[in-house]
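To start, the structure itself, in structure tokens.
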Amino acid sequence: MTTTDTYTGGDVRLTGISKSYGSFTAVQPLDLTVPQGSFFALLGASGCGKTTTLRMIAGLEDPTTGTVHLGDRDVTDLPPYKRPVNTVFQSYALFPHLDIFENIAFGLRRRGLKSVKKQVGEMLELVQLGDKARHRPHQLSGGQQQRVAVARALINHPQVLLLDEPLGALDLKLRRQMQLELKRIQTEVGITFVHVTHDQEEAMTMADTVAVMNGGRVEQLGAPAELYEHPRTTFVANFLGTSNLIPAEVAGTGSEVVVTAGGGKLRLPGERCPAGARPGGRLLVGIRPEKITLSHADDAGAVPDGRNRITGRITDSSFIGVSTQYTVDGPAGTGLQVYEQNIERDPRLVPGAEVVLHWNPAHTFGLDADQDIAAGTEQETAAGAGSGAGPGAATGPGRNTAGPGQDIAGAERAEDSP
Amino acid sequence: MNPRNATGPKDPNDPKDPKSPGKPAGLLGAAVRRLRRDLVVLAGLLTLAYLILPNVVVMVFSFNKPNGRFNYSWQRFSTDAWQDPCGVADLCGSLGLSLQIAAWATVGATVLGTMIAFALVRYRFRARGAINSLIFLPMAMPEVVMAASLLTLFLNMGARLGFWTVLIAHIMFCLSFVVTAVKARVMSMDPRLEEAARDLYAGPVQTFLRVTLPIAAPGIAAGALLAFALSFDDFIITNFNAGSTVTFPMFVWGSAQRGTPVQINVIGTAMFVLAVLVVVAGQLVAARRKRTAATR
């Protein structure tokens, strides 16, 4: 197996790859290129096909159609043990009958290396487990097991490291710590990381590029900030953070699109609208909760001109510490979310108060109105749980539930391959 | 706040107060408390005694020197039988035969049973459900019935009764026990472990030898031990299908008609002690491994 040693460099290229189990299609035909050396995240709810995609790169799953290339080499028909790719499994899959040293040395030994002591020692140091070499996996904590799993994969210097929800089993604090740790290791070794996760915060924290998957398709691909600021589908808008989506009618187009919603006019930049928008057509107007400023109705006159504004009444407020989250019902929509920084809290902003929501039109985005407005929210994900995801598939923070500083603790870890 | 403490520290119903009048006082009270605490241990020890008593009787009477041909009443201590365990005609021959059959039956049943267990857990095929339940049939069927039907089968096939018919019969009824033991182990095995091995450059053979087999080993060993024990002491099926061959259980049965030599107790005791030693050795090895893993 010398080929795995001498092979260097290259992108991961998936071409027209798909996977079906009988009549069920786990992954729709998909083209994806992961640039060499990047930290790439596949993000999506359970059952969206992200793990199946990862397993096809690893060779643990045969694609129904399409090819997998590593650099210029077609590895589609290679078994997993001949691919220069290693995986960190969700359950770690440490060998229970071997100690930590032998677990880490496993890959080297299978490739016929005799003196593994130095390399294993270095790897143990990298993951700070030097004193645990002769322990068995079950004697380690979850975080330590996770680090062993990373070391066991990395010691082989794979061309690509695949991570299948590796942090799912850890508690919140440890998960944050390991996110930074993994990011540090990736920067240090420069190996391409492909990371599968259902945690949108994790994906945005760690990855250079995020591919949001839904129903076996890539919905959108880009840098985290790009995805967050310019979602192109309702699923991305709702799954990545929280969005207020307001159904509206297009009144005028051009470099600035004017729409009417709930009797008022809203403006948004033309380049942030779907191409087909024309007067009389329908549009979903989106705005992130933290971009909205909340003013009491008595101060409506003080709102600067040129800002988008809608009226409503506060139905609920919750104090989060760093911010306060308000739920507002108005003629334009119900259940609108607004996050206000707790700098100067207006004591009049309590449930029942009449308010004005206003924001910079440049922060508004437009989405095609033919989509499910609730796609990617928690309710929608839970409702779709019958199609493969288990109970408690509340993966993305829903429109009305989560925001900055909150987390989806205890999010389910069910596998998304059937 | 515990409402019982609301009346203050002198509450007469406070269970922590040793002089509480609600409890039986003095020695009797102490005995009752102690009994209540150790009831489970006591019951366990009594059950163990119940289990071991027959073995103790066998062991004690292996040092007897009976007056007549029957070793049923204690006469006086002697080590005669221990010094000459093969002193009875045909005893050691039948013992050797039984050990041989048990060894081969163990090998056959363990290999076949392990393969069946893996097939049943890992693969989906047409008759899987049926086989899964049919595998229990030899366990559930009365042994006499199975013995008689096996004899009918062998006779109809024109097979000569002897070593081979006994071995075939033993492998057959040991199989279901091995399958059950191995299946339980394989089912609890994470299939990701084998995927991890394949991901870490182990081919199919290496994956099986380095990961699958070592992890399934405890189940396979349990199945093998069970098979050996079942085969070694089987009487009914063997008696029907042995023809003129005589295994150790058949020898014991046969001699019981005419008188029981003390040597039978000697062999029984030796087997028992050997089994206990194996178990103790296993426990010691496991304990040491645990200790070294913890301190290293």
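Think of it as helices only: each DSSP H run of n ≥ 4 in the protein assembly as shown is worth -39500 (n - 2.57), and spread over all residues that comes to -13000 deg cm²/dmol at 222 nm. Of A:His195, A:His135, A:His363, the residue with the greatest mean-square motion in the GNM of chain A, using alpha carbon springs below 10 Å, is A:His135. What separates the Cα centres of the range B:217-231 and the range A:216-258 is a distance of 63 Å. Normalised by the number of residues in the range A:32-150, the mean separation of alpha-carbon contacts (under 8 Å, six or more apart) gives a relative contact order of 22 percent. Counting Cβ atoms of other protein chains within 10 Å of each residue's Cβ and taking the mean over peptide B:204-210 gives 2. Here the range A:104-125 and the range A:320-335 have alpha carbon centers that stand 55 Å from each other. Shape annotation for chain A: C-alpha extents along the principal axes are 79, 44, 37 Å, from largest to smallest.
Principal-axis analysis of the Cα atoms of chain A puts helix A:142-154 at an angle of about 60° to the longest axis. The distance linking the range B:119-184 with the range A:339-370 is 75 Å (Cα centroid to Cα centroid, whole angstrom). If R₀ is 56 angstrom, what is the calculated FRET efficiency for the pair B:Leu27 and B:Phe272, using the beta carbon separation as r and rounding to 0.05? Efficiency for this residue pair is about 0.85. Partners of A:Lys265 within straight-line reach, counting aspartates and glutamates whose Cα lies under 16 Å from its Cα and excluding those fewer than 8 residues away in the same chain: A:Glu249, A:Glu256, A:Asp305.
From the cross-link list A:Lys50/A:Lys173; A:Lys183/B:Lys290; A:Lys117/B:Lys290; A:Lys118/B:Lys183; A:Lys132/A:Lys173, which pairs have alpha carbons spaced over 32 Å apart? The answer is A:Lys183/B:Lys290; A:Lys118/B:Lys183. Which of rounded, prolate or oblate describes the range B:159-296 when judged by the alpha-carbon gyration tensor and an a/c cut-off of 1.5? Oblate, because a/c is 1.5 or more while a/b does not exceed b/c. Contact order for the range A:2-229, expressed relative to its length and based on alpha carbon pairs under 8 Å spaced 6+ residues apart, stands at 29 percent.
Straight-line cross-link partners of B:Lys65 among the aspartates and glutamates, defined as a Cα under 14 Å from its Cα and at least 8 positions apart when in the same chain: B:Asp80, B:Asp84.
Between the helical axis of B:262-295 and the longest alpha-carbon principal axis of chain B there is an angle of about 60 degrees. Rounded, prolate or oblate: which fits the range A:125-172, taking a ≥ b ≥ c as square roots of the Cα gyration tensor eigenvalues, rounded meaning a/c under 1.5, else prolate when a/b beats b/c? Because a/c hits 1.5 or more and a/b fails to exceed b/c, the range A:125-172 counts as oblate. Applying a 4.7 Å cutoff between beta carbons, the unpaired cysteines of the protein assembly as shown are A:Cys48, A:Cys273, B:Cys174. For B:Tyr72, B:Tyr123, the sequence from fewest to most other C-beta atoms within 10 Å is B:Tyr123, B:Tyr72. In this structure, the amide hydrogen of A:Thr315, modeled 1.01 Å from its nitrogen in the peptide plane, lies closer than 5 angstrom to those of A:Thr327, A:Val328, A:Asp329, A:Gly352, counting only residues at least 5 positions away or on a different chain.
For the residues of A:91-101, the average number of beta carbons from a partner chain within 10 Å of their own beta carbon is 5. When the alpha carbon gyration tensor of the range A:234-368 is reduced to an equivalent ellipsoid, the three semi-axes, largest first, read 26, 16, 13 Å. Mean partner shielding of peptide B:183-196, defined as the number of other chain Cβ atoms within 10 Å of each residue Cβ, is 4. For the peptides B:50-59, A:202-211, A:73-82, B:274-283, residues were scored by their other Cβ atoms within 10 Å and the scores averaged per peptide; the highest-first order is A:202-211, A:73-82, B:50-59, B:274-283. Over chain A, Cα pairs under 8 Å with separation of 6+ residues give a relative contact order of 16 percent.
Against chain A, whose longest principal axis comes from its Cα atoms, helix A:117-126 is set at around 20 degrees.
Any read-out appearing in this document is the output of simple, stated calculations on the displayed coordinates, not a laboratory observation. Just so it is clear, the structure is predicted and the values come from calculations on it, not from any experiment. Positions of Cβ are generated from backbone atoms using ideal geometry, with glycine treated the same way; all protein chains shown enter the neighbour counts.
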